[in-house]
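K.L.:
Below is the structure I would like to discuss, written out as structure tokens.
All of the numbers you see were taken from the coordinates with simple rules; none came from a lab. No experiment lies behind these values; they were computed from the predicted model shown. Cβ: placed from backbone, ideal geometry, glycine included. Neighbour counts: every protein chain shown.
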Amino acid sequence: MVGAVPKLRTDTRAGRTTSGARGRLLRASLIPALVPLSLTLAQCGKAPDPAALAANSQANVQVVSKTKTQVASADTFEDRFPAPQFRERFPSASESFLQRQMSDFSPRRAVQPQPEQVPYKVASLEPQLPYKRPPREDLTTLVSMKSSAFPYFGNNPASDAPFLNISKGDRRGHRSYSGRVYWQDETYNDSRVLVHVPDHFDVRKPGVIVVFFHGNGATLERDVRDRQMVPKQITDSGANAILLAPQMAVDAADSSAGKFWQAGGFKRFMEESATHLARLTGDPNSARAFATMPIVIIGYSGGFLPTAWSLEVGGISDRVRGVVLLDAVYGEMDKFASWIESHRSGFFVSAYTRYTARRDRELMSMLRQKGISVSEDMDGPLRPGSVVFVETGEGITHRDYVTRAWTRDPLKDVLVKMSATPSLALTRVASTNPSASSR
């Protein structure tokens, strides 16, 4: 029993000795495998070292040569990465360098088809392309204006009495100088204004607003537009002009001026007209240009009364560059003489038949006494300060005077002569009709 125990202990020690030898052998075999792994882990996140790469390449060549029986004699680092030769760096005498541009190294983009070039306007202080106004037709229309001559409920300045001085039931009317009664709802209730804008009118160029006061017994459509052809004469002149013709007493033998009797009445009319003209021409921003544009007043026959009062109390007589009376000096000579004397930068023309000859000669005498030179023909151009009286001969009737006076279409003739004078600051449109430019 005693001998058995030592034997067991001897076997145990022998087993332990054998197990320890195996462990040491295992550790010895694992160390060579773990060393490269530890080096790899240590290099994570770092750029590879060129020297280490070269050394590893040489070690690999040696390991491979030991494990394989035959190795290719040219499989070395120099064989894989040969140094460049002189001929590869520099061209020969018959060769040349290929010249490169920076664009050769930029990314290539697909060529997009170019759209067809169309004219355009450049936003700059100096236009790069000439502006062409869109084609437009003549515009002739009737516009109701609050500041037009009628309806009028004020006083008659000639008598300082109410203008509507007759009543019958609910109706009110006016007894004219001839003694005839005209009712307000029939004769003095039309607030419309005939507006004409020629197709060539350009608000960006110097221009003029022609205000036409028609005579007795007239309507805007039947007489001013169709019979007297006032809009057509404006267009045919080629001048950069617009027409405003307010309806006065409707188809009546009456010259009442209505709201143009009032102080500032003509100014209010022109201010309201500027807003309407800007709207009609399609450019709201042009209202300021219309509000400062020069004015020429043309009064025919009974239109002398609103013409005279507009010059006297209208409030903007300085904007009036010209006054034309067509057989219309029936009175108010002092008002016309006063305007001529105080506005020497404008022009004045009065054409007359035998019906008004006496008063025209009286006005000429008044002006000469003031030292104002007077011409008695329309052969020359109209200049600032021109004062012209033209007597027309037999065969020229008062009824047709707007279309035939000293010449056919006298309104057209006045605008042509006026436009030919640069000092009046009224220029012609570039493309005028031949008939207008030849006069």
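K.L.:
Give me a comma-separated list of calculated 3J(HN,Hα) values for region 196-207, in order, Karplus coefficients 6.51, -1.76, 1.60 applied at θ = phi - 60°, integers in Hz, x for any Gly or Pro.
P.N.:
Karplus values, whole Hz, x for Gly and Pro: 10, 10, x, 5, 8, 5, 9, 5, 7, 9, x, x.
K.L.:
Rounded to the nearest 20 debye, what is the charge dipole size of region 208-361 about its Cα centre when +1 sits on each Lys and Arg Cβ and -1 on each Asp and Glu Cβ?
P.N.:
Here region 208-361 has a charge dipole of around 180 debye.
K.L.:
In whole Hz and in residue order, list the ³J(HN,Hα) couplings for region 402-419 that follow from phi through the Karplus curve 6.51 cos²θ - 1.76 cosθ + 1.60, θ = phi - 60°; x for Gly and Pro.
P.N.:
Couplings: 6, 9, 8, 10, 6, 7, 5, 6, x, 5, 4, 5, 4, 5, 5, 5, 5, 5 Hz.
K.L.:
Using a Förster distance of 30 angstrom, determine the FRET efficiency expected from the C-beta separation of residue 397 and residue 362, and round it to 0.05.
P.N.:
My answer for the efficiency is 0.85.
K.L.:
Beyond a 20 Å Cα-Cα separation, which of these cross-linked pairs lie in this structure: 259/335; 146/259; 370/412; 146/412; 146/267?
P.N.:
From the list (259/335; 146/259; 370/412; 146/412; 146/267), the Cα-Cα distance tops 20 Å for 370/412; 146/412.
K.L.:
Next question, about the same structure. With a ≥ b ≥ c taken as the square roots of the eigenvalues of the C-alpha gyration tensor of region 291-390, please select rounded if a/c is under 1.5 and otherwise prolate if a/b is larger than b/c or oblate if it is not?
P.N.:
Note, shape of region 291-390 comes out rounded.
K.L.:
When a/c reaches 1.5 or more, the comparison of a/b and b/c decides; with that in mind, is region 133-175 rounded, prolate or oblate per its Cα gyration tensor?
P.N.:
Prolate, since a/c reaches 1.5 and a/b exceeds b/c.
K.L.:
Give the order of 370, 232 when sorted by the count of other beta carbons within 10 angstrom, beginning with the fewest. Kindly include the intermediate steps, with their values, before the conclusion.
P.N.:
On the way: 370 10, 232 19.
Ordered from fewest to most neighbouring Cβ atoms within 10 Å, 370, 232 come out as 370, 232.
K.L.:
Quick check on region 186-279: take the gyration tensor over C-alpha atoms, sort the square-rooted eigenvalues as a ≥ b ≥ c, and tell me if it's rounded (a/c under 1.5), prolate or oblate.
P.N.:
On the way: a/c = 2.40, a/b = 1.35, b/c = 1.77.
It is oblate, given that a/c is not under 1.5 and a/b is not larger than b/c.
K.L.:
Which number comes out as Rg/Rh for region 246-288 once both Rg and the Kirkwood Rh are worked out on C-alpha atoms? Mind showing how you got there, number by number?
P.N.:
On the way: Rg = 13.6 Å, Rh = 12.0 Å.
We get a ratio of 1.13 for region 246-288.
K.L.:
Between residue 408 and residue 288, how high is the FRET efficiency from 1/(1 + (r/R0)^6) when r is the Cβ-Cβ distance and R₀ = 30 Å? Nearest 0.05.
P.N.:
The formula returns an efficiency of 0.25 here.
K.L.:
Using the count of nearby Cβ atoms within 10 Å as a rough guide to exposure, how do 375, 178, 286, 386 rank from fewest to most?
P.N.:
Least crowded to most crowded, the residues run 178, 375, 286, 386.
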